[in-house]
Amino acid sequence: MKNEDTVFLFAKAIKTLIKKQPLDKITVTDIVSTAGKTRQTFYRHFQDKYDLVNWYFEKLVLKSFEEMNQGGTLQEALNLKFAFIEQEHAFFKEAFKSNDYNNLIHYDFCCIYDFYKEYIRKNTGKTIPSDIDFLLKMYCRGSVDMTVEWVLNDMPILKEEIVNYLIDAIPDKLKEYMK
């Protein structure tokens, strides 16, 4: 179990460091030094710096998707997600640049794909059919790619616009499962 105060200290440290250098150049030593904690404490909570970034993303951004589980709409969930990404633009811009195998782009895809897959399973009571699973994977990859492009290009359109575009891009056959 993660100690919330400690892990948020590590998150604050990496957010500070990422303003000065690319994520791929930041070391765990840099993070623990900035946080005022030990390497052992860091590794008690995280596998590596990418695990920390992914945890921060999941903790604060994907919380928005819980809105859907509590009766909220996809639009409301995406608006919350993009508001947070917009608020933490500098952090996410650097995090999305990483080419590591454990990078945020891959993690974002896995999180939203797993979320939607479970959401569909709960709503239908059935395992997702293979053709719908294909559409879901394609949609998730595309939405992550467009999110990354939006962040890396310094958010050239309003968050409400990208949210609307992402909702409009859901294939019709998939929409039936996401109601």
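Positive-end ranking of 89, 53, 28 along the dipole of the chain, with charges on Cβ about the Cα centre, is headed by 28. Note on the chain: helix-only mean residue ellipticity at 222 nm, from DSSP H runs of 4+ residues weighted -39500 (n - 2.57) and normalised by residue number, equals -22000 deg cm²/dmol. When the chain is described by a simple charge dipole with +1 on each Lys and Arg Cβ and -1 on each Asp and Glu Cβ, the residue from 14, 105, 152 located farthest towards its positive end is 14. For residue 20, the lysines whose Cα comes closer than 21 Å to its Cα, not counting residues fewer than 8 places off in the same chain, are 12, 37, 49, 93, 97. The stretch 1-62 has equivalent-ellipsoid semi-axes of 16, 14, 10 Å, by the square roots of 5 times the alpha carbon gyration tensor eigenvalues, sorted largest first. Computed about the Cα centre, the dipole magnitude for the stretch 7-115 is approximately 600 debye when only Lys and Arg (+1) and Asp and Glu (-1) carry charge, each at its Cβ. Taken about its Cα centre, the stretch 91-178 carries a charge dipole of about 340 debye when Lys and Arg each add +1 at the Cβ and Asp and Glu each add -1 at the Cβ. Ligands, DNA and RNA left out, the accessible area of the chain computed with a 1.4 Å probe is 50% carbon and sulfur. Against the set (i) 1.09; (ii) 0.97; (iii) 1.18, the structure's computed Cα Rg over 2.2 N^0.38 Å falls on (i). Between residue 5 and residue 87, the modelled label-to-label distance comes to 2.2 nm, taking each label 7 Å out from Cα in the direction of the beta carbon. Accessible surface computed residue by residue for the stretch 43-153, with neighbouring protein chains in place and a 1.4 Å probe, gives 49 Å² per residue. Largest accessible area first, the residues 89, 106, 45 order themselves as 106, 89, 45 under a 1.4 Å probe with ligands, DNA and RNA left out. Here the peptides 26-33, 121-128 are ranked by packing, the mean other Cβ count within 10 Å, and the order with the highest first is 26-33, 121-128.
In percent, rounded to a whole number, the relative contact order of the chain is 21, using alpha-carbon pairs under 8 Å and six or more apart.
The values are calculated or read from the model by the stated rules, or taken from the named source; none is laboratory data. Here the structure is a predicted model, which means the values were calculated and not measured. Note that each Cβ is placed from the backbone with ideal geometry, even for glycine, and that neighbours are counted across all protein chains shown. Accessible surface areas use protein heavy atoms only, side chains included; no ligands, DNA or RNA. Shrake-Rupley method; radii C 1.70, N 1.55, O 1.52, S 1.80 Å.
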